[in-house]
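Chemist: If you scroll down you'll find the structure; I have some questions about it.
Every read-out reported here was derived from the displayed coordinates using simple, explicitly stated rules and does not represent laboratory data. None of these values were measured; they are calculated from a predicted model. Cβ placement follows ideal geometry from the backbone for every residue including glycine, while neighbour counts extend to all protein chains displayed.
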Amino acid sequence: DGNVTWQAMVPPYAGGPGRIGVTWSDVAVSVRVIRGEKAEVFSLARANGTKLGGIHLAAEHDKIKMNARGPLSFSDHARSYELVEGEGWNQIVAIDLKLGTALWKKELGPTPVTGGAIEGGQLVLEQAGTKFGKRWFNVFTGKEDASVEKRGKPWEERPQVAPEWPAGSGSNLQ
């Protein structure tokens, strides 16, 4: 109906164009914020905007990269998955959106995460420089699934076949 139901004051929003930092469930809205060069998540009641709590992300690390370009947050509307990037490190933290608590976290190494999605109970992260270019994590436990069924064979083990060009495709490569 276009009417504002509630408003809330939060520290500077961490998101931006192409970097969404807001997730939600039926109970809460989480907002990714920055305070003192550190990443946090504020949880607000969906019904009235009351602050339910907050979580400091990657507290064991130094300051975050303020100019990081990868994604910030993913959600299946039960959990949010928060990516945090610093100089030489990346971390993913899963947060229960109903309880506002961290469920699990994983260190991802120095290579930035460039994309991701949630597919079939798995958080799939695109991370260049890894053996397969993608990593799969169970949304409930954070356990990484490195099975061949998920990832396929490494590029160096795949047959190298030259593409066949369809007749009349305009390709004059021989």
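Chemist: Within the set of other residues whose C-beta is less than 13 Å from the C-beta of TRP6, count the net charge using Lys and Arg as +1 and Asp and Glu as -1.
Modeler: Once all neighbours under 13 Å are counted, the net charge is +2.
Chemist: Next question. Which residues among segment 81-109 fall inside the zone where the amide N is under 11 Å from a point 7 Å beyond the Cα of ALA59, along Cα→Cβ?
Modeler: Once the point is set 7 Å along Cα→Cβ of ALA59, 102 turn out to lie under 11 Å by backbone N, inside segment 81-109.
Chemist: Contour minus end-to-end for ASN48 and TYR13, with contour as 0.36 nm per residue of separation and end-to-end as the Cα-Cα distance?
Modeler: Length gained, ASN48 through TYR13: 10.7 nm.
Chemist: Count the net charge of all other residues whose Cβ sits under 9 Å from the Cβ of VAL27, scoring Lys and Arg as +1 and Asp and Glu as -1.
Modeler: +1
Chemist: Okay, moving on. Would you kindly state how much longer the chain becomes between ASN67 and ILE118 on full extension, computed as 0.36 nm times their sequence separation minus their alpha carbon distance, in nm to one decimal?
Modeler: Net length gain for the segment: 15.9 nm.
Chemist: Roughly how many nanometres apart are two label points built 7 Å out from the Cα toward the Cβ at THR141 and ALA102?
Modeler: Modelled inter-label distance: 2.1 nm.
Chemist: Rounded to the nearest 0.05, what FRET efficiency do ALA78 and THR111 give with R0 = 30 Å and r taken as the Cβ-Cβ distance? Could you check? Don't skip to the answer; put the middle values down first.
Modeler: Working: r = 28 Å, r/R0 = 0.94.
According to the calculation, E is roughly 0.60.
Chemist: Now a separate question. Of LYS51/LYS143; LYS98/LYS134; LYS38/LYS105; LYS65/LYS134; LYS65/LYS105; LYS105/LYS134, which ones are farther than 25 Å apart at the Cα?
Modeler: Long pairs (Cα-Cα over 25 Å): LYS51/LYS143; LYS98/LYS134.
Chemist: If you don't mind, another one. Kirkwood Rh over Cα pairs of segment 16-96 into Stokes-Einstein at 20 °C, 1.002 mPa s: D in µm²/s?
Modeler: In µm²/s, the coefficient rounds to 166.
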